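Data first, discussion second: the structure below is written as C-alpha cells.
The values are calculated or read from the model by the stated rules, or taken from the named source; none is laboratory data. This structure is a prediction, so every number in the text was calculated from the model and none was measured. Please note: Cβ atoms are built from the backbone with ideal geometry, for glycine as well, and neighbour counts cover all protein chains shown. To get the accessible areas, we keep the full protein, side chains included, count just its heavy atoms, and leave off ligands, DNA and RNA. Shrake-Rupley method; radii C 1.70, N 1.55, O 1.52, S 1.80 Å.
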Amino acid sequence: MVIRLGRKMIGDGRPCFLIAEAGVNHDGRLEPALRLVDVAADAGADAVKFQTFRADALAAACAPQAAYQRLDAAARSQRDMLRRLELNEAAHRALIARCRKRAILFLSTPFDEESADLLERLDVPAFKLPSGELTNLPLLSHIARKGRPMLVSTGMATLTEVRSAVRVIRRAGNPPLVLLHCVSSYPAEPAWSNLRAMATLRNAFRVPTGYSDHALGPEVSLAAAALGAAVLEKHFTLDKSRPGPDHAMSMSPDELQNWVRGVRAVESALGDGLKRPMPPEIPIAKVARKSLVAARPIARGERLTAVAVARKRPGTGLPPAALTGLLGRRALRDIPADALLSRRLFS
C-alpha cells in the first residue's frame, strides 16, 4: 500500500511523511505565514500545511466557539474569529512560492467546495481533509472527483462513518487515499490516543494510515511512528504565548525540530526485522561471550574430561557448545590452566 505525494512515496517501507501543521497560526497575516514555512523547512518536515476557507461559508452566525477557541478572547463568535484568520489567493500564491524555494511541499485544508477549487487552480499535490468534514459527504465527493490524493482525518468518527466516507470517495473518483486516525481534542490526553486504531483503519480499508497528533509533547507521535504510521501531522507555531485558538497546544520551532528528529530516530530503530548481530556488537561478542578453557593444567596424552574444562571469557576460542566434540580426545601437548582450547590441541 503505497501512494505518491509530490516527489514522495507514502506507505509500506517508506519513511514516515511528516506534516508540520501551521493551520491558522499565522493569525491571518502573510509575514508570519511565510516564517512558518521557513521554520517547517528548517526542521526537516516533508510538508507544511495551512487552512483554506471562507468564514461566511464555514460557520453560521450562531456557531459557538469550542472551548479551546475561546482562548481568543477578542472574537465574539466562531465566524468572527475565522474572518480574522482567512488567507486570500495572493497569500496562498506567495506561500506556494516560498515552499518551492525552500523545497518543502505546500498543503492546505479546504473547508468548502470553492476553497477546494482554489487549491486545485493552485495545483496543490493533494487535499488534506479535516476530521470535521468527514461526514460532509458532498464535499468529499466534490474533492474526490478531482483525482488528486486525499489525506482524510477521522477524529470523532465511528468505523461506520469512516466506511461511508471511504465509499463516497471511491465512488466519486477513487483517488489515492490516506486515512489519519485522530483524537479531536485540543489538547488530547495521551490516554485517549488509541493508536491501535491505525491498524484497524489499515486492515479495514487497505490504505496507508497515520496519525494527526493533538497531544502535548512528542511521545504519542513517537509511539505512532513505532507502530508504523505512514503519515504524522502535528501543529506548530512561532510563539506559543499568542492568543489565537491553536497556539497554546502547538509546538514551538525548537519542539518541531525535536519532533522531526525523534520520529526519524524511531524509524531508524525499527530496522528491517532480520535477527542478526549489528556491526558494533561483533567486537563486544569477543569480550562478553565465553570460550572453552582449561580448568587446570592438562598433561600431554591425557584424555579430556568435563571436569578439566571451564567456560570463561573471552569469546575468541571454541564456544561452550563445542565441548561434546572434544571430550575423550587426547591432548597433543601440555596445556596450562586458563588456556583457550582448540581442536588442534587434541587428537
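Near the amide H of Val24, within less than 5 Å, lie no amide hydrogens of residues on another chain or at least 5 residues away, with H placed in the peptide plane.
For the chain, with only Lys/Arg (+1) and Asp/Glu (-1) charged at the beta-carbon, what is the dipole magnitude about the Cα centre, in debye rounded to 20? Before the final figure, lay out the partial values.
Values: 51 positive and 34 negative charges, 525 e Å.
In total the dipole reaches around 2520 debye.
Mark the label point 7 Å from the Cα of Leu340 along Cα→Cβ and return the residues of region 287-321 whose backbone N is within less than 16 Å of it. Within reach of a label on Leu340: 287-295, 310-321.
Quick check of the Kirkwood formula: for region 100-191, what is the inverse mean of 1/r over all pairs of different Cα atoms, in Å? Before the final figure, lay out each step's value.
Details: mean 1/r = 0.0731 Å⁻¹.
The Cα-based Kirkwood calculation yields 13.7 Å.
The accessible area of Ile282, taken with all protein chains in place and a 1.4 Å probe, comes to roughly 90 Å².
From the Cα gyration tensor of region 229-347, with a ≥ b ≥ c the square roots of its eigenvalues, which class applies: rounded if a/c is under 1.5, or else prolate if a/b is larger than b/c, or else oblate?
On the way: a/c = 6.88, a/b = 4.75, b/c = 1.45.
Prolate shape, in that a/c is at least 1.5 and a/b is the bigger ratio.
What separates the Cα centres of region 271-347 and region 1-40 is a distance of 57 Å. Backbone amide hydrogens, once placed in the peptide plane, bring Ala230 within less than 5 Å of Thr209, Gly210, excluding anything fewer than 5 places away on its chain. Taking the protein heavy atoms of region 166-245 in the context of the full set of protein chains, the accessible area attributed to carbon and sulfur is 51 percent at 1.4 Å. Pick from Pro283, Pro218, Pro253 the residue whose mean-square fluctuation is largest in a GNM of the chain, springs joining Cα atoms under 10 Å. Most flexible of the set in this elastic network: Pro283. Shown in residue order for region 342-347 are the 3J(HN,Hα) couplings computed by the Karplus curve 6.51 cos²θ - 1.76 cosθ + 1.60 at θ = phi - 60°: 9, 5, 6, 7, 9, 10 Hz (x for Gly and Pro). Distances between every pair of Cα atoms in region 289-347, grouped in 5 Å steps from 0 to the bin holding the largest one, split as 5, 23, 36, 27, 9, 1 percent. Axis of helix 159-172 versus longest Cα principal axis of the chain: the two differ by about 70°, to the nearest ten degrees. Placing a pseudo-label 7 Å from each Cα along the Cα-to-Cβ vector at Asp254 and Arg300 gives an inter-label distance of 7.3 nm.
What angle, in degrees between 0 and 90 and rounded to the nearest 10, separates the Cα long axis of helix 30-43 from the longest principal axis of the Cα atoms of the chain? With rounding to tens, the tilt is 10 degrees.
When a/c reaches 1.5 or more, the comparison of a/b and b/c decides; with that in mind, is the chain rounded, prolate or oblate per its Cα gyration tensor? It is prolate, given that a/c is not under 1.5 and a/b is the larger ratio. Maximal additional length on extending the Ala204-Ala322 stretch stands at 37.4 nm, based on 0.36 nm per residue less the C-alpha distance. Rolling a 1.4 Å probe across the protein heavy atoms gives the chain an accessible surface of 49 Å² per residue. Name the shape class, rounded, prolate or oblate, that the alpha-carbon gyration tensor gives for region 152-285, where a ≥ b ≥ c are the square roots of its eigenvalues, rounded holds for a/c under 1.5, and otherwise prolate holds if a/b is larger than b/c and oblate otherwise. Oblate, since a/c reaches 1.5 and b/c is not below a/b. Taking the average, over residues, of other Cβ atoms within 10 Å as the packing measure, peptides 195-203, 17-25 rank 17-25, 195-203 from highest down. Amide H to amide H, with H built 1.01 Å from N, Phe127 comes under 5 Å of Met150, Leu151, counting only residues 5 or more places away or on other chains. Between the Cα long axis of helix 253-270 and the first principal axis of the chain there is an angle of about 40°, rounded to the nearest 10.
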